[in-house]
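Participant: Sharing a structure here in C-alpha cells format.
The values are calculated or read from the model by the stated rules, or taken from the named source; none is laboratory data. Just so you know, these numbers come straight off a predicted model, no measurement behind them. With ideal geometry, Cβ positions are generated from the backbone for all residues, glycine too; neighbour counts draw on all protein chains shown. Note: accessible area is taken over every heavy atom of the protein model, side chains too, but ligands, DNA and RNA are not part of it. Shrake-Rupley method; radii C 1.70, N 1.55, O 1.52, S 1.80 Å.
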Amino acid sequence: MGKVTGFMEFERIEEGYKPVPERLKHYKEFIVGLDASQAKVQGARCMDCGTPFCNNGCPVNNIIPDFNDLVYKGDWQNAIEVLHSTNNFPEFTGRICPAPCEAACTLNVNDDAVGIKSIEHAIIDRAWAEGWVTARPAKHKTGKKVAVVGSGPAGMAAAQQLARAGHDVTLFEKNDRIGGLLRYGIPDFKMEKSHIDRRAKQLEAEGVTIRTSVMVGKLPEGSKVTNWAKETISPEQLKKDFDAVLLTGGSEQSRDLPVPGRDLDGIHFAMEFLPQQNKVNAGDKLKGQLRADGKNVIVIGGGDTGSDCVGTSNRHGAVSVTQFEVMPQPPEQENKPLVWPYWPLKLRTSSSHEEGCTREFAVSTKEFMGEKGKVTGLKTVHVEFKDGKLVEIPGTEKEYKADLVLLAMGFVNPVATVLDGFGVDKDARGNAKASTEFTGGYATNVPKVFAAGDIRRGQSLVVWAIREGRQAARAVDEFLMGFSDLPR
Ligand SMILES: Cc1cc2nc3c(=O)[nH]c(=O)nc-3n(C[C@H](O)[C@H](O)[C@H](O)COP(=O)(O)OP(=O)(O)OC[C@H]3O[C@@H](n4cnc5c(N)ncnc54)[C@H](O)[C@@H]3O)c2cc1C
Ligand code: SF4
C-alpha cells in the first residue's frame, strides 16, 4: 500500500479536457492526462484492499492495487510489467474504457473512486515514451498454424498471445486497416489511430502475418457492413490451410428502424457515417463523404455510438444536433448502497454531449417525413413503462426537422452468412455459440474452429474483447499442444 492515510488526505483528480471551441476544430485527442506527480497522488489514494473489488470489476482482472502502489513509489517500469501481464493494450482501455473497475472501487462506496483509468493511461503513455514497450517474439516455434479472422481488439489480443506461444499466426481483416471498431467505429478524437499502428508493428515483429482487405466467407447481397476487401478466402480453404481458426469478426449487423419513410435519402446507420470520417483523417480520398455540415442532425440511440455521431457532426459544422433515447432519463446520481460494486445506471454525459447536443429521453420515432425522396423530418411520440412494457403516451406526438438521421441503436448480431459459411451454430441471439468454460471454452461445434469477442458475446466493450481474445488464445493453445502456459 502506497500511503496509509492517502485516501483521507488526497482528493480524486480528473483528467482534463482541452476547451470545447479549440477541440471542435480538429479530430485529435483532447484529453490532458495526469502528470507523474498527479498520478503519484492518485496511487497514494489506493487502500490496497484485502478484497480488491476493482480487480474483480475489471474484465481483464488488472492487478490494480499493485500498479497503484508502484506508481506511488515511482517504479513505472514495474508498473507497466504488471499492467501488461493482464492487458495487451492498456493504451486502448486507458483512453476509452468506461472503467467498471472504478465503479467497483471500495472508495466509491462513500467517496470518489481511485482514478484507476487515469493511472493506467499515465503508465502506458510513459512506457511507450520511454521505449519500454518492445516486441517479445517467442523463443521456440511450435510449427502450428493459426488463422485469426477479424482484427478488432479480440483478434489483436489473441494473435499476440498465440504468436508469443510460438504459433505461426495469420490475422485476416476484410477492411483496409486493422483495428476493428477501434479503427472504423471509435472516432480519432476519442482514440487516435497511431496507437493501433504501433501495435500492428509490434505484432509483425512478433511474427504475426497481417493480411488486410481479405474477406473470409461472404457478406449478404447489399450488406452495409464496412468492407474494403479485394480478395476472398473460403472457410473451407482456411480450415484446410490452418491447424486452428479463431473467429473474432465482431457483431456488425446494425439494428434498423423499419418505420414508414425509412428508405428516404439522408437516413444512415452510424457505421456508414463514422468510418468515413476516420478514413478521411487517415488521409484517404473519399468521393462524396457523408457529412453533417449545415444540417439539422438527429441521432437515434443514446449510447456510445450515438455520442460519437454527435461529436463528429459538431466537428463537421452541423446546424443542430439532437439525440434521442427511447429509455427514460436515468438519475444523475446512482443509489450507491444499492448498486455498488456493480455498474450503475445513471445519466452519463460524454465529452461529445458537452460540445453541443439536445438530448431527448423516452422518445420513440414513428415515421420519417420527406420531400422529393429526401428526409426532411420525423414524427415522434413519448413513451413510458407500463406493466414492464414501453407504451406510447397519447397526445405527446411531436415533429422534428431533420436533414440527416443517424441510426445508432446498437448491433443485433454478427453477420450470419460468415458463421453459416463455417457451419458454426448460433445461440438464441444469433451470436456464435461457444461457452467460456475453463476446458473446451471458446470452441464452436465445428472441429478446430473457435470464437471470441463480440462475435460470441454480442455487442460489448473493448476490454471484454481483449479478455476474450486472451482466454480464447489459451484455449486454442491447449487444443494444439495439449497444455498451455498462457494466462487465462
Ligand atoms: C461507434 C462505436 C463506439 C464505441 N465506443 C466504445 C468505447 O468508447 N469503449 C468501449 O469499450 N467500447 C466501445 N465500443 C464497442 C467496442 O468497439 C467493441 O465492443 C469491440 O471493438 C469489439 O471487439 P471485437 O474484436 O470483438 O470486434 P470488432 O472490433 O468489431 O472487430 C471485428 C473485425 O473483424 C472484421 N471481420 C468481420 N468479419 C470478417 C470476415 N468474415 N473476414 C475478415 N474480417 C472480418 C471486421 O471488419 C472488424 O474489423 C464502441 C463501438 C462502436 C460501434
Ligand atoms: S478497490 Fe479501490 S482502494 Fe481498493 S485496492 Fe482497488 S483501487 Fe485500491
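Participant: Looking at (1) within 30 Å of Leu378 (Cβ to Cβ); (2) assigned to a loop (DSSP other than H, G, I, E, B), which is the one condition that is false for Glu437?
Facilitator: Checking Glu437 against (1) within 30 Å of Leu378 (Cβ to Cβ); (2) assigned to a loop (DSSP other than H, G, I, E, B), the one that fails is (1).
Participant: Could you grab the pairs with beta carbons closer than 8 Å, sequence gap of 6+ or different chains, first residue in the range 298-310 and on the phi > 0 side of the Ramachandran plot and touching a residue at least 12 places away in the same chain (Cβ under 8 Å), second one within 8 Å of ligand 1 (Cβ to nearest atom) and in a helix (DSSP H, G or I)?
Facilitator: Gly301/Ala270
Participant: Pick from the range 1-38 the residues that are touching a strand residue (DSSP E or B) at 6+ places or on another chain (Cβ under 6 Å) and in a loop (DSSP other than H, G, I, E, B): which of them is farthest from His316 (Cα to Cα)?
Facilitator: Within the range 1-38, the match that is farthest from His316 (Cα to Cα) is Glu15.
Participant: Quick one: which residue in Ala99, Ala79, Ala103, Ala44 is more than 12 Å from ligand 2 (Cβ to nearest atom), open to solvent by less than 30 Å² (accessible area, probe 1.4 Å) and either in contact with a Phe, Trp or Tyr (Cβ under 8 Å, 6 or more places away or on another chain) or under 19 Å from Met191 (Cα atoms) (or both)?
Facilitator: It is Ala79.
Participant: Only residues that are in contact (Cβ under 8 Å) with a residue 24 or more places away in the chain and among the polar types (S, T, N, Q): list them for the range 326-357, please.
Facilitator: Gln329, Ser350, Ser351, Ser352
Participant: Quick check, is Asp176 open to solvent by 40 Å² or more (accessible area, probe 1.4 Å), under 22 Å from Asp241 (Cα atoms) and of a type in the set (Asp, Glu)?
Facilitator: no
Participant: Just checking, which of Arg198, Arg183, Arg211 is within 12 Å of ligand 1 (Cβ to nearest atom) and surrounded by fewer than 18 Cβ atoms within 10 Å (Cβ to Cβ)?
Facilitator: It is Arg211.
Participant: Now a separate question. Return yes when Gln276 is open to solvent by 30 Å² or more (accessible area, probe 1.4 Å), among the polar types (S, T, N, Q) and part of a loop (DSSP other than H, G, I, E, B) and no when it is not.
Facilitator: no
Participant: So, one more: May I ask you to verify whether Lys224 is open to solvent by 20 Å² or more (accessible area, probe 1.4 Å), closer than 30 Å to Asp308 by Cα, in contact with a strand residue (DSSP E or B) (Cβ under 8 Å, 6 or more places away or on another chain) and not assigned by TED's automatic domain parsing to the domain that holds His121?
Facilitator: So Lys224 passes the test.
Participant: Of the residues Val71, Val114, Val133, which is open to solvent by less than 50 Å² (accessible area, probe 1.4 Å), away from ligand 1 (no atom under 16 Å from the Cβ) and closer than 17 Å to His195 by Cα?
Facilitator: Only one candidate qualifies: Val133.
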